[in-house]
1. Given the criteria within 14 Å of another protein chain (Cβ to nearest Cβ), in contact with a strand residue (DSSP E or B) (Cβ under 7 Å, 6 or more places away or on another chain), open to solvent by 40 Å² or more (accessible area, probe 1.4 Å) and polar (S, T, N, Q), does B:Ser174 qualify?
2. From the residues in region B:60-109 that are aliphatic (A, V, I, L, M) and in a strand (DSSP E or B), which one is surrounded by the most Cβ atoms within 10 Å (Cβ to Cβ)?
3. I'm trying to understand the selection: among the residues of region B:177-199, which are under 19 Å from A:Ala53 (Cα atoms), among the aromatic types (Phe, Trp, Tyr) and either without any contact (Cβ under 8 Å) to a residue 12 or more places away in the chain or open to solvent by 20 Å² or more (accessible area, probe 1.4 Å) (or both)?
4. If you go through region A:56-75 one residue at a time, do you hit one that is within 11 Å of chain B (Cβ to nearest Cβ), closer than 25 Å to B:Gly114 by Cα and more than 13 Å from the chain's Cα centre (by Cα)?
5. Please tell me if B:Leu156 is outside any loop (DSSP other than H, G, I, E, B), open to solvent by less than 10 Å² (accessible area, probe 1.4 Å) and either at positive phi or at pLDDT 95 or above (or both).
6. Being within 14 Å of chain A (Cβ to nearest Cβ), out of contact with any Ser or Thr (no Cβ under 6 Å at 6 or more places or on another chain), surrounded by fewer than 18 Cβ atoms within 10 Å (Cβ to Cβ) and small (Gly, Ala, Ser) is true for just one of B:Gly22, B:Gly54. Which residue is that?
7. So in region B:34-51, with the set limited to residues that are of a type in the set (Val, Ile, Thr) and under 19 Å from the mean Cα position of the chain (by Cα), which one is surrounded by the fewest Cβ atoms within 10 Å (Cβ to Cβ)?
8. Does A:Ala53 satisfy the criteria of being open to solvent by 30 Å² or more (accessible area, probe 1.4 Å) and aliphatic (A, V, I, L, M)?
Amino acid sequence: MTTDAGAPSYQDGNALAGPLSELFTVDLTTALTRCTGCGAAGPLAGLRVYAHAPGLVGRCPGCGQVVLRLVRGPRAAWLDLRGTVALRIPLGS
Amino acid sequence: MTVISPGFRGRPRTSGHRLPPGQYETRDFPVLSAGPTPRVAREDWEFTVTTETGDRYRWTWGDLLSLPAERFTVDLHCVTRWSKFGTSWEGVSLDVLLGTVQSASDYALVSAYGGYTTNLPLADLLNGQAWIAHRYEGADLPAEHGGPARLLVPHLYLWKSAKWVRGIELTARSEPGFWESVGYHDYGDPWREQRYQGD
């Protein structure tokens, strides 16, 4: 099986900034993530975000594994981060 | 004189079709995807059904095409609120594929090339309600719409109709799939507007 190498159907992880700002007071797109699939590290802004879907799906740019999923319902949001080992969130001193 | 009117509380009607609550009609066929589009060669394609005892039933592309196919026209309802009326398909009924399978399970976990999963009761795959569809509007199903073959369960929201379908695992308990595990409804009946958990 191969995947489509044509026109990208994804956006970069900066597309997560607005939806995540509803949940967190810090800008998580600058947080460093480490993929549980391949171990690659990078900012959330570097994820490939598939937004033409029932929710937002952030995939590792290296191996394609799902790192983050965010669904916004009318009364709640669901956030799945099982694809990241941890997030390093920069904070002021 | 009697005036018959659907009234402003009536179910919206468009081009003679019924529209579920909260939906609008589109004439396009939007492409929704949670990841890159898998390209599966027909010679490599296989579809499997695995039972709760570990028995595995397998069909190649040639096996699928050798089975009796049905042509059917159905309306599609996506949870992102678009509906598309009168889509024409060709495929093999799950009644044919599951007819040879011995299982006491009540639930199905559907998996797809690319890693997508979705769950539904086994009963919703039977009795002429579901197909492995491989042709759309008289042509081979394009990859962006799930080709070579996709599941089609049109009485439920379209996220249940897994594109690039690869297999079905029959399970005793309902196990949430890709969207069901992040807030979407376990069943997904568009007529009861079962979009999210708790609806």
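1. Working: within 14 Å of another protein chain (Cβ to nearest Cβ): no; in contact with a strand residue (DSSP E or B) (Cβ under 7 Å, 6 or more places away or on another chain): yes; open to solvent by 40 Å² or more (accessible area, probe 1.4 Å): yes; polar (S, T, N, Q): yes.
It is false that B:Ser174 is within 14 Å of another protein chain (Cβ to nearest Cβ), in contact with a strand residue (DSSP E or B) (Cβ under 7 Å, 6 or more places away or on another chain), open to solvent by 40 Å² or more (accessible area, probe 1.4 Å) and polar (S, T, N, Q).
2. B:Ala108
3. Matches in region B:177-199: B:Phe178, B:Tyr187, B:Tyr196.
4. Yes - at least one qualifying residue is present in region A:56-75.
5. Taking the combined requirement at face value, the residue does not satisfy it.
6. Exactly one residue qualifies, and that residue is B:Gly22.
7. Taking region B:34-51 and keeping what is of a type in the set (Val, Ile, Thr), we get B:37, B:40, B:48-51.
Then drop every residue that is not under 19 Å from the mean Cα position of the chain (by Cα), which leaves B:37, B:40, B:48-50.
Details: B:Thr37: 23, B:Val40: 21, B:Thr48: 13, B:Val49: 20, B:Thr50: 19.
Restricting to residues being of a type in the set (Val, Ile, Thr) and under 19 Å from the mean Cα position of the chain (by Cα), the top hit is B:Thr48.
8. Values: open to solvent by 30 Å² or more (accessible area, probe 1.4 Å): no; aliphatic (A, V, I, L, M): yes.
Criteria not met by A:Ala53.
The values are calculated or read from the model by the stated rules, or taken from the named source; none is laboratory data. Every value quoted in this text rests on a predicted model; they were computed, and no experiment measured them. We place every Cβ from the backbone using ideal geometry, glycine too, and count neighbours over all the protein chains shown. These accessible areas exclude ligands, DNA and RNA; they are computed on the full protein's heavy atoms, side chains included. Shrake-Rupley method; radii C 1.70, N 1.55, O 1.52, S 1.80 Å.
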